[in-house]
Amino acid sequence: MPEAGSVVVDGKRVTIHYQTGRVTATRKQKETQIHSSTQYHANQQAVSSTSSRTVDHHELFLVDSTGREHAFNIVDMDFPVREGNTVSVVWIIPEGAQRGPFVQVMNHSTGDSTYVAPKALVPLFFKKAMMWGATIGGTLLGFLIFWPLGFVMMIGPFIYFGRRALGAIKGMFETREYTELQALLSQVKPSSAVAA
């Protein structure tokens, strides 16, 4: 698979990969996930809540310019595509991992480009160990110094590290490597695939 280079996102190195080809088959389905919970109170009163979420599943088969077929199963990205369209799929792989999340699907035939919501990538870059260390240490120190500060330190690190990861993810889309890839993909003609 072609690579667009490596970038560092909040201390974690990721490699940007892409594949361009003609769509030979596509299948789309939606899955509705329903979650419900019931809480029982001391007075034997029950409180129930239900929520649902729809997840898009998109299976895509591309044939590149060498005739090799590539299969992609893209989750939580809804994009328009049909057989015969020329499409580029972009994903990132963190250092040491075998695979990573899809971040963009560009349909050269229609001119549409769909990006993953940056919030969906936050769990990949969220520094849990640092957040928990800051939360526990900050809470203890906060209660020793001034008790309201202890309460602030219970949630402050979670908010800080979440926003930090989100900012770093948005910055990834502005790196030289990613913008050069966008320039390369913008030159793809709908009737042919980019040579890998």
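The values are calculated or read from the model by the stated rules, or taken from the named source; none is laboratory data. Only a predicted model underlies this, so the values are computations on that prediction, with no experimental measurement involved. Positions of Cβ are backbone-derived with ideal geometry, glycine not excepted, and every protein chain shown enters the neighbour counts.
For this structure, a couple of remarks:
- Test result for ALA129, within 26 Å of LYS12 (Cβ to Cβ), at pLDDT below 85 and out of contact with any helix residue (DSSP H, G or I) (no Cβ under 9 Å at 6 or more places or on another chain): yes
- Residue check for VAL14: of a type outside the set (Gly, Ala, Ser), at pLDDT 90 or above and under 17 Å from VAL188 (Cβ atoms): no
- Restricting segment 164-185 to residues that are of a type in the set (Gly, Ala, Ser) and more than 13 Å from VAL14 (Cβ to Cβ), the residue that is surrounded by the fewest Cβ atoms within 10 Å (Cβ to Cβ): ALA183
Residue-wise test of (1) modelled with pLDDT of 90 or more; (2) among the basic types (Lys, Arg); (3) over 18 Å from THR15 (Cα atoms).
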residue	(1), (2), (3)
ALA71	yes, no, yes
SER88	yes, no, no
GLU95	no, no, no
LEU124	no, no, no
GLY137	no, no, yes
GLY142	no, no, yes
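- Here is the figure for segment 1-21: residues that are surrounded by 13 or more Cβ atoms within 10 Å (Cβ to Cβ), out of contact with any Asp or Glu (no Cβ under 8 Å at 6 or more places or on another chain) and either of a type in the set (Lys, Arg) or not in a strand (DSSP E or B) (or both) total 2.
- Index of the failed condition, MET106 passing every other in (1) in contact with a Leu (Cβ under 7 Å, 6 or more places away or on another chain); (2) hydrophobic (A, V, I, L, M, F, W, C); (3) under 19 Å from ARG13 (Cα atoms): (3)
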